[in-house]
Each structure stands twice: as C-alpha cells, then as structure tokens.
1. What FRET efficiency do you get for Leu302 and Lys256 if R0 is 25 Å and r is their Cβ-Cβ distance, rounded to the nearest 0.05?
2. So what are the ³J(HN,Hα) numbers for the range 127-141, from phi and the Karplus equation (6.51, -1.76, 1.60; θ = phi - 60°), rounded to whole Hz, Gly and Pro as x?
3. Order Ser136, Ser163, most accessible first, counting only protein heavy atoms with a 1.4 angstrom probe.
4. Once label points are set 7 Å from the Cα along Cα→Cβ at both Tyr217 and Asn281, what is their separation, rounded to one decimal in nm?
5. Heavy-atom accessible area per residue, the range 43-109, 1.4 Å probe: how many Å²?
6. The range 91-193: which trypsin sites (Lys or Arg not before Pro) are DSSP loop and have at most 13 other beta-carbon atoms within 10 angstrom?
7. Just for the range 113-272, what percent of DSSP beta bridges are antiparallel, to the closest 5?
8. I'd like the Karplus ³J(HN,Hα) series for the range 187-195: coefficients 6.51, -1.76, 1.60, θ = phi - 60°, whole numbers in Hz, and an x wherever there's a Gly or Pro.
Amino acid sequence: GLECDLRLGVGVECWTRHEPDRVAKHGPDLAHGTDSGQLVGSLATLQVVIVTPFNFPLEIPVLQLMGALYMGNKPLLKVDSKVSVVMDQMLRLLHHCGLPMEDVDFINSDGKTMNKLLLEADYVAWVCDQDAYACSGQKCSAQSILFMHENWASTDLISRMKSLAERRKLEDLTIGPVLTVTTEAMLEHMNALLKIPGSKLLFGGEALENHSIPNIYGAIKPTAVYVPLDEILKDNNFELVTKEIFGPLQVVTDYKQDQLANVLDALERRHAHLTAAVVSNDLLFLQEVIGRSVNGATYAGLRARTTGAPQNHWFGPAGDPRGAGIGTPEAIKLVWSCHREIIYDVGPVPHHWEIPPST
C-alpha cells in the first residue's frame, strides 16, 4: 500500500506542476526552454508509442503519458498486461476530468502481439515508401495516391513514411533524376495541389541540391501532399489530384468508415486502373473493395503492394483490366501458350437408354 501511495504521489505532483491549463498557457515557454533561460526549438513528433514495465504501474505511465500529451503528441500506451488495470482506471479518471477520448490510444496485449503490431506498421510504411519512391517514382505502377482508413490515419504511419523518405539520397541513387518530368513541372503541380482547401505538405516539396542534373530532367525530394477526400471528389479538383506524375510525388488522403463508398467512387472515376493494393487482412473489407472496384493486378492483404512484382503484366483479350495477370503460373500459361478445348465424352451409353422425345 505504501508503494502505491508513493507512486500516486509522484504522479499527482507531476500533474500539479504541469497541469494542462498551465501547459496550454505556457506551452511555448516549456517547448523553448525559457524556464531555464534558454531558447531551443522543439517540435512534437505527433504519433508516439509508450511501453512501460510491470513494476511501476502508475508512475512511469503517468509521467510519460502526460508529458507526451502536454507537447501535443497522440500516444499509443501499452502497459504490462499484468498491471494494466491501473492505467485503465487512470485513463477513465482523465476522461472524467476532460481529456478527449480520441487523444490517447490504450492497448492491452502481450508483448508478442504488441511487437507484431509495431512490426506490421513498419512493414506497411516501408512498402508505401518503396511503392512511391523507389526508382524515383518512375514505375508504371508506382503508388500515386494513398487512401488511409481512419484507423491507419490515427497511427504514426505518415511519420514513419517521412522518416523512410528522408533516408533517400542522391549519393546512393535511392532518389535521383526524373527523365520525363522537370523539377519545375513537379513543383508547379505540387503548388497547385496545395491551393486546394485543406491540403498540406506532409514532407519533401523541395528540389534536390548540390548536383549537376541538367534542367531538362527532374530532381526533387520524395514528396507527399495531403488533400482531403471531399475536395478530391469535387469536379474542379479531381483531374488535378489524379494527374499522373512520373516521379517521386504522391497524394495522401484519409477516410472514415462510412466514407468507403466515396473512396470507391474516386477509384471508379480514375482513367487508369493499372494496379492497386488493398492493405488489410479483414476478409469482409477485402471482398467489398475488390468486388466493387476495377483494377488490373490487385494485391490484397496486409503485405499488399503496387510494385515490385514479377514481370509479365498483361491485359486479357477483352481489354478489361480485371482480366489481368502478373507473373503467376496461370498468367504465364495464358500469355505464352494457346488454350485448346477438347471435350471428352467416351461413354459408356447407359444399358437401358432409349431415344428421348424431340426437343
């Protein structure tokens, strides 16, 4: 009991010294270190994960959680499952005191499950980076638009994508010259997107520096622009947003569960239906999206991608992209051989068979 009281005392002390009202009034002072007379720039990382041990069920989670919240982040809190009931109750108290319920994600799981979730998030972010920016985006099926479900939008997916994009350098050609679109044209397109209400630059947006790439080619940092879904669907914006840029530039948007029909409408209105990736292991969701969309080689599942597949992409003889195949045994047979139909019916004739009436 004494230990619990002491831990609670530390948490309350932290809360009274840095209560939300004070942070709201003096957040810039805290962020810039003026309490100590120093001026240091500081930015929230927005999406963070806090994993805490069993032996400090209240003190460590409260100190770290409140600190993350004070600075404008959205934490995902994972407390050791043996003592997670303590923070469960603490979060209920915070909600009672006015903390918006959407400001903190709280998960109860074992360590293996939590590790799997973090690993899957890293994998999805890596695939997004590869699909959009490998070969400087010069791939026929490069990721040109990313529709994030609200569950993904509430994670740090964009932060992870940004970190991966910033690893790319001209020195090792993980980002490099664009052969068919100039730097000026790509930045002009980006600026046009940024004029759409609610749009914003997520990362990139600048020309590469310190190089000798001729002006007839393009050279920009991996770039992502957020555009609200409602704005994408407007007639005066749709053509601009879906214009194909054969370079390292993509559009990102998000949608709520009840907006899936709007996403499918956006997919249907596009002129090109070359490839698509439906990144989910929810079979009902996969069935709905795949059944109501028209795309060529479609990848489905948590590891789905739009590029990096084997060669042999083809469209079926009817020209319908749904008849496409890509490198599978069935696709290879249909591309490189001709089907011959032979219908065998060798009997025997039934012993008591009689000629039937004319039809």
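The values are calculated or read from the model by the stated rules, or taken from the named source; none is laboratory data. All values derive from a computational prediction rather than experimental measurement. Positions of Cβ are generated from backbone atoms using ideal geometry, with glycine treated the same way; all protein chains shown enter the neighbour counts. Accessible surface is based on the protein model in full, side chains and every heavy atom, while ligands, DNA and RNA are left aside. Shrake-Rupley method; radii C 1.70, N 1.55, O 1.52, S 1.80 Å.
1. Values: r = 21 Å, r/R0 = 0.83.
Once the sixth-power term is evaluated, E becomes 0.75.
2. After applying 6.51 cos²θ - 1.76 cosθ + 1.60, I find 5, 4, 5, 5, 5, 8, 10, 4, 6, 6, x, 8, 9, 4, 10 Hz.
3. Highest to lowest solvent-accessible surface, that is Ser163, Ser136.
4. So the two model labels end up 4.2 nm from each other.
5. That works out to 52 Å² for each residue.
6. Hits after loop and neighbour filter: Arg167, Lys169.
7. Bridges in the range 113-272 that DSSP calls antiparallel: roughly 35 percent.
8. 5, 5, 5, 4, 5, 5, 4, 6, 7
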